[in-house]
1. When the residues of segment 17-47 are filtered to those that are surrounded by 16 or more Cβ atoms within 10 Å (Cβ to Cβ) and over 21 Å from the mean Cα position of the chain (by Cα), which remaining residue is modelled with the lowest pLDDT?
2. Just a yes or no: is a residue in segment 152-171 at pLDDT 80 or above, closer than 24 Å to M55 by Cα and in contact with a helix residue (DSSP H, G or I) (Cβ under 7 Å, 6 or more places away or on another chain)?
3. If I filter segment 241-259 for residues that are open to solvent by 50 Å² or more (accessible area, probe 1.4 Å) and under 20 Å from the mean Cα position of the chain (by Cα), do I get at least one hit?
4. Just name the residue that is farthest from A191 (Cα to Cα) out of those in segment 54-74 that are surrounded by fewer than 18 Cβ atoms within 10 Å (Cβ to Cβ) and at pLDDT below 85.
5. Conditions: (1) touching a residue at least 24 places away in the same chain (Cβ under 8 Å); (2) open to solvent by 80 Å² or more (accessible area, probe 1.4 Å); (3) not acidic (D, E). V269 meets all but one. Number of the miss?
6. Cβ-Cβ under 9 Å, sequence separation 6+ or interchain: first residue in segment 138-156 and under 22 Å from M193 (Cβ atoms), partner among the aromatic types (F, W, Y). Which pairs?
Amino acid sequence: MAPNLEEHEGSIPHMQINYMSTLAWITAASLLGGVLSVACAALFALTARAAWVPMLVSYAIGALLGAAFLELLPEAFEGATSVRSVAATILAGIFGFFILEKLVLWRHCHVEDFDVHDQQADAHDHGRSGMLILIGDSFHNFVDGILVAAAFMQDTQLGIVTALAIIAHEIPQEVGDFLILLHSGYSRTRAFMLNLLSSFAMLAGGLIAYYALQSLREYVQTFIALAAASMIYVAVADLIPGLHKRPELRATLSQSVLIALGVSSIWLVGYLTRNYAA
């Protein structure tokens, strides 16, 4: 019995090293993944001229719709045990964001002045779109952290590939998020800090998933569906109506091209990362 006990005791440090290295990989990938995607997006978005922001909102619309319909929704439906429950979650999410936006709007307007405010709110939307997109982005980052943790717990190489794919996928979406925050009236510094704060949800998701992956796995589709709902709501309810204020043909063509470019950038990143991961 003594040799077996000695052999067993000798294996404990090795098990502890593997345990800590997996946790370290998850922590590093989640932290660097979130910060890196925000930093790369900021490099583009924060150096854009102020006059470009209204035009680039069209790109943000395309990036949001592309991320929702080409990436998040297929992933939510593919991994769901009930398609109806995912669809109901998306519907509930859209309705919930509508109520949330109404509460934020009410905060900025007295009821008797609402019509006047509605006619004069041309410059920005008092941060409503920005706040909603930050909430949705936090859900999305939290789910990304769970996915990174699940991949590293299965295999280190798979975790690295998954983290790289998530970073590449996040960059065009984070560019869109920055543009929406700027369009909503946030300063460039505040937009960067809020987006950076939102990125830490990826670290939270990774760490929580590492310690409680089995109990959280059934809620992954719910988080993905809510993230998609926020993107769809912000793009369709908040941003697209603003484009109709410029009905001239030239503006319509440029808006359409930029929306298509936003969708295409999400599709291209998804295509490349899926083929690389395969």
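1. Among them, the one singled out is T22.
2. no
3. For segment 241-259, residues open to solvent by 50 Å² or more (accessible area, probe 1.4 Å) and under 20 Å from the mean Cα position of the chain (by Cα): absent.
4. Across segment 54-74, the extreme among qualifying residues is M55.
5. Condition not satisfied by V269: (2).
6. Close Cβ pairs (under 9 Å, with a partner that is among the aromatic types (F, W, Y)) amount to S138/F200; F139/F223; H140/F223; N141/F200; F142/F223.
The values are calculated or read from the model by the stated rules, or taken from the named source; none is laboratory data. As the structure is a prediction and not an experimental result, all values here were calculated from the model. Cβ sites come from the backbone with ideal geometry, for glycine too, and all protein chains shown count toward neighbours. For the accessible areas, the whole protein counts, side chains as well, though only heavy atoms, and no ligand, DNA or RNA atoms are used. Shrake-Rupley method; radii C 1.70, N 1.55, O 1.52, S 1.80 Å.
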